[in-house]
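Colleague: First, the structure itself, so that you have it in front of you.
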Ligand code: C5P
């Protein structure tokens, strides 16, 4: 499937149209950003790792009955996906306290959250992705009640599937962000799942193996991503 024109350039991916109006190509670049894109760096192999990681995870979710936009892997850095009408709200599931939750509530990092939390953030870099809730979605018309309920259900289901996969690989799925869209009226998982948008800690040492290595200038970002990919069985060759 040939790329036609650039549709959108995000912080780590570029989206292209194809001859088929229902399909897009996602290209994973080596760019890594923090602070809403104020800090950007390139890391060799990162686009390839995240592309294959995302493809692997989306396949697992699809097998578990979660509808995803994934069609197929096209190359090291590209996948073919369904074109979704994206919902401008990000869904976050938290199994342990970290990041903005620790900042907001002052709870201890690593605190087990039972039941896991479900947070919503408006996708708007200029406003620094403000936290919102279900009534905001309805009042401002970002997503209707029925579709939001489905997004929440699919987020928790994703958490069950992925907590098991990472748990079996000696990793704790601390938290993660998902984005959904509509395809012919159905809620479908879009965007990506990678260590860029999730927190993964080694179960024993609690070492951070995700984008916090970049956000917190810990070093060893690519080595950590490769290790996580290897542990869950992603083929990076
Ligand atoms: O920053 P915060 O602690 O709220 O992030 C929760 C989870 O969502 C983290 O795994 C983070 O990587 C992800 N996230 C993201 N994109 C954002 C905000 C958060 O991928 N814009």
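Colleague: Kindly indicate whether residue 51 is in contact with a strand residue (DSSP E or B) (Cβ under 6 Å, 6 or more places away or on another chain), surrounded by 15 or more Cβ atoms within 10 Å (Cβ to Cβ), part of a helix (DSSP H, G or I) and at pLDDT 95 or above.
Modeller: yes
Colleague: Please find, among 218, 173, the residue that is within 13 Å of the ligand (Cβ to nearest atom), in contact with a helix residue (DSSP H, G or I) (Cβ under 8 Å, 6 or more places away or on another chain) and either within 20 Å of residue 97 (Cα to Cα) or not in a helix (DSSP H, G or I) (or both).
Modeller: 173
Colleague: Are any of the residues in segment 35-42 outside any strand (DSSP E or B) and surrounded by 16 or more Cβ atoms within 10 Å (Cβ to Cβ)?
Modeller: The answer is no; no qualifying residue exists.
Colleague: Just for segment 176-203: of the residues that are more than 22 Å from residue 230 (Cα to Cα) and in contact with a helix residue (DSSP H, G or I) (Cβ under 8 Å, 6 or more places away or on another chain), which one is nearest to the ligand (Cβ to nearest atom)?
Modeller: Checking each candidate, the answer is 178.
Colleague: Let me ask you something else. Somewhere in segment 21-32, is a residue assigned to a strand (DSSP E or B) and without any contact (Cβ under 8 Å) to a residue 24 or more places away in the chain?
Modeller: yes
The values are calculated or read from the model by the stated rules, or taken from the named source; none is laboratory data. Just so we're clear, the structure is a prediction, and the values are computed from it rather than from any experiment. When we count neighbours, we look across all protein chains shown, and the Cβ atoms used for this are built from the backbone with ideal geometry, even at glycine.
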